[in-house]
Every structure is written in C-alpha cells, then in structure tokens.
Amino acid sequence: MTRVRVRQHVNPFHKKYQTPAQPPDWEQVYAQVNQPLHLDIGCARGEFLLEMAMLQPNWNFLGLEIREPLVERAGAMVDELDLSNIHFVFGNVNNSIEPILASLPQGKLQRVTIQFPDPWFKKRQAKRRLVQPELVNNLATYLSSEGIILLQSDLETVAQEMCTRFEANPAFQRKGKDWLAKNPMPVPTQREILTLSRGEPVYRALFVRSQLSEC
C-alpha cells in the first residue's frame, strides 16, 4: 500500500475545507441508532474511538476529523473490525458541526471528547483553534441534559483557554476546580500515552451539560 503523507496541522480556513460535511443516514450507519452517542472532535487516526467502540458496544461512536486521509484509514479499520457502532466523518468543525448535530437523533448525543487539539501558538493563528464560542454554543444546543464533555491537552495554556470558553457558557458546569488527575475514559489516546511516558503532565477537565433555568 502506498503511504500518503498527512499534514499534522491543517488550516481550517483554507478554501478546500469550506464545504460543510453532509450528514449520513444514521439508520444506515449504526445497527442500533437509538443507542447513546459519543462524539470525538478531531479524532485523528481514530484509534481511541475504535477501542472505545469495541469496549462499549452499547454506545454509538462518531469521529469528526479535518484530514481526509485519516478518515479514510479509520473507515477502513471499521470495515476490517466489522464494527456497526462507529462512524467517521471528514469535515471542518467550523462549518460541519451544526448540520451534523442537527441531523442526529434527538437526545442521543451524551458524551463529547476534545483531546489534544492543535495549539496554533501564534497570536494571529488563534482563530484557527478548535474550541471557539460557536462550537461551545452548538454543543450546548445539542448535548443532552447531564451529558459530559472531556477536554484534554498537554499544554496548560490550551487547556485553560478551552475551559474558559466552556465556563463562559451557562449551559455547562465544570466538575471541580482543579485539573483531573485521572482520565475518566477507559481508553487513553496515543498522545496521552506518549505524554505520560515522558513524565509530562496532561491537563484534563470535565464539563456537564446542565438544564438552563427558565426565565
């Protein structure tokens, strides 16, 4: 098989990524469409989500990734493993997250993970970072009550910025004030394993979608 070089960082504002992803027919994607759904935003090669799907067959899993070759590889692994509770979508979160979330069975999105997103260190590139207010607002709209969001990064500044964005939305409540010492998920990502093997910290936070009080 010919190896295709995949860029580590992709500019989401490039014209190549301005067409929103088309949501699939979920009843064709999942064998049991009414199972609770776990969304991994920026799923990369999908190893984390594939392991989760095998470990938790009573959940459905959805990975969203902007690098198309990685999505193709992950989809091939789904076929190879004969899994019917996981799907990967190639798309830019900036313009694809709302139509995808709107098309999902109502109330099924119960878990979201955003793990080790590209940091985009330069100030002029800050708008390229994955967690923007629009993303938080969309998750507030479509995540079920008491649904959870796990944020992880190996850079404290990035983790803190993500937390600040979610803390600014009244729909979310952070669990505790300190960084989580342990990953609440049963499967670590490859980046998490590498970071910890170097003796470096991982900054984690968990948010819960609460019911907004009626005015």
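Rounded, prolate or oblate for the chain? Axes are the square roots of the Cα gyration tensor eigenvalues, ordered a ≥ b ≥ c, and the cut-off for rounded is a/c under 1.5. Rounded, since a/c falls under 1.5. Straight-line cross-link reach from residue 182 at under 16 Å between alpha-carbon atoms covers these aspartates and glutamates, not counting any fewer than eight positions away in the same chain: 154, 156, 192, 200. Based on DSSP H segments of at least four residues, each scored -39500 (n - 2.57), the chain has a per-residue ellipticity at 222 nm of -9000 deg cm²/dmol. In terms of surrounding Cβ atoms within a 10 Å radius of their Cβ, 66, 193 rank from fewest to most as 193, 66. Ordering 63, 97, 196 by Cα displacement along the dipole of the range 24-209 toward the positive end leaves 196 in first place; charges were set at the Cβ atoms of Lys, Arg (+1) and Asp, Glu (-1). Taking the Cα centre of the range 24-209 as reference, the dipole from Cβ charges on Lys and Arg (+1) and Asp and Glu (-1) amounts to some 860 debye. Only one residue of 112, 132, 29 has its Cα farthest out toward the positive end of the dipole of the range 24-209, where Lys and Arg carry +1 and Asp and Glu -1 on Cβ, and that residue is 132. The residues 175, 108, when put in order of fewest to most other Cβ atoms within 10 Å, stand as 175, 108. Average 1/r across all pairs of distinct alpha carbons in the range 19-142, invert it, and you get the Kirkwood radius: 14.8 Å. Karplus-derived 3J(HN,Hα) values for the range 67-76, using 6.51 cos²θ - 1.76 cosθ + 1.60 with θ = phi - 60°, are 9, 4, x, 5, 5, 5, 5, 5, x, 5 Hz; glycine and proline are entered as x.
The slack between residue 68 and residue 190, meaning 0.36 nm per residue of separation minus the straight C-alpha distance, is 42.0 nm.
Every read-out reported here was derived from the displayed coordinates using simple, explicitly stated rules and does not represent laboratory data. These figures come from a predicted structure and were not determined experimentally. Heads up, the Cβs are rebuilt from the backbone with ideal geometry, glycines too, and the neighbour counts pull from every protein chain shown.
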